[in-house]
Amino acid sequence: MCERKIVLCTERLYLAEMNFNDINSLKLILKDDETMYAYEGAFNDREVFEWLNKQILRYEKYGFGLWAVFLKENNEFIGQCGLTMQQWKNEEVLEIGYLFNKKYWHKGYAIEAASACKEYAFNVLNVNEVCSIIRDTNIPSQNVAIRNGMVRVDESVKYFKGVEMPHFRYVIKKKNY
């Protein structure tokens, strides 16, 4: 087993940098049609590899990215949550993103991890604002953003796999949390 760089701990979870040993756990999430409905369906093996590689490159470039989320009780990889720089209209914004294995939905893990990422953004990175960019049809993720203290401030259309996808941007400012 390789050493992990643990970034955050919560009551039930720990978040750590992903590595290529996580590829099979990541496939359980990214290759599932139901989980990936906001991305127009499951990823193939190449897309999963590219997704993981992108996170590893983000760790090197920014010091953060989407982190693996593990249950403390059994060290099981249950999802991803973290901070990423995302293009929004004409600027780059810091986003809290989250994506969990569907067997762990509706257990409060997404809000627990996302809230820890918000704290990290404000207290470690010392930023003044963080957001979550969420597809208009992804109501559960919108609810996580709202529970994380964010409010919807604007919307835009993204294009992925040739599909026009309206997205909402939810924001929380450091002074308001």
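The values are calculated or read from the model by the stated rules, or taken from the named source; none is laboratory data. Computed from a predicted structure; not experimentally measured. Virtual Cβ from ideal backbone geometry, glycine too; neighbours counted across all protein chains shown. Surface areas here come from the heavy atoms of the whole protein model, side chains and all, with no ligands, DNA or RNA. Shrake-Rupley method; radii C 1.70, N 1.55, O 1.52, S 1.80 Å.
Before moving on, here are some points about what is shown:
- Candidate set: the stretch 13-25, residues that are open to solvent by 20 Å² or more (accessible area, probe 1.4 Å) and touching a residue at least 24 places away in the same chain (Cβ under 8 Å); chosen: the one nearest to the chain's Cα centre (by Cα): 17
- Flag if residue 141 is open to solvent by 10 Å² or more (accessible area, probe 1.4 Å) and either closer than 14 Å to residue 174 by Cα or of a type in the set (S, T, N, Q) (or both): yes
- Condition met for residue 107 (surrounded by fewer than 17 Cβ atoms within 10 Å (Cβ to Cβ) and closer than 22 Å to residue 14 by Cα): yes
- Within the stretch 26-71, the set of residues being closer than 24 Å to residue 8 by Cβ, open to solvent by 30 Å² or more (accessible area, probe 1.4 Å) and touching a helix residue (DSSP H, G or I) at 6+ places or on another chain (Cβ under 7 Å) comprises 27, 51.
- Every residue from the stretch 120-143 that is of a type in the set (Ser, Thr, Tyr) and in a helix (DSSP H, G or I): 120, 141
- Filter pass, residue 125 being in contact (Cβ under 8 Å) with a residue 40 or more places away in the chain, within 18 Å of residue 38 (Cα to Cα) and open to solvent by 20 Å² or more (accessible area, probe 1.4 Å): no
- The residues of the stretch 125-145 that are more than 15 Å from the chain's Cα centre (by Cα) and either of a type in the set (Lys, Arg) or within 19 Å of residue 88 (Cα to Cα) (or both), listed by number, are 127, 128, 129, 136, 137.
- Here residue 91 meets the list (1) open to solvent by less than 40 Å² (accessible area, probe 1.4 Å); (2) free of Cβ contacts under 8 Å to residues at least 60 places away in the same chain; (3) of a type outside the set (Phe, Trp, Tyr); (4) within 30 Å of residue 175 (Cβ to Cβ) almost entirely, failing just condition (1).
- Residue that is most open to solvent (accessible area, probe 1.4 Å) [pool: residues in the stretch 1-12 that are among the aliphatic types (A, V, I, L, M) and closer than 26 Å to residue 121 by Cα]: 6
- Looking only at the stretch 144-159, and only at residues there that are open to solvent by less than 40 Å² (accessible area, probe 1.4 Å) and assigned to a helix (DSSP H, G or I), the one that is nearest to residue 105 (Cα to Cα): 144
- Search result, residues across the stretch 166-177 that are free of Cβ contacts under 8 Å to residues at least 40 places away in the same chain and surrounded by 14 or more Cβ atoms within 10 Å (Cβ to Cβ): 167, 168, 170
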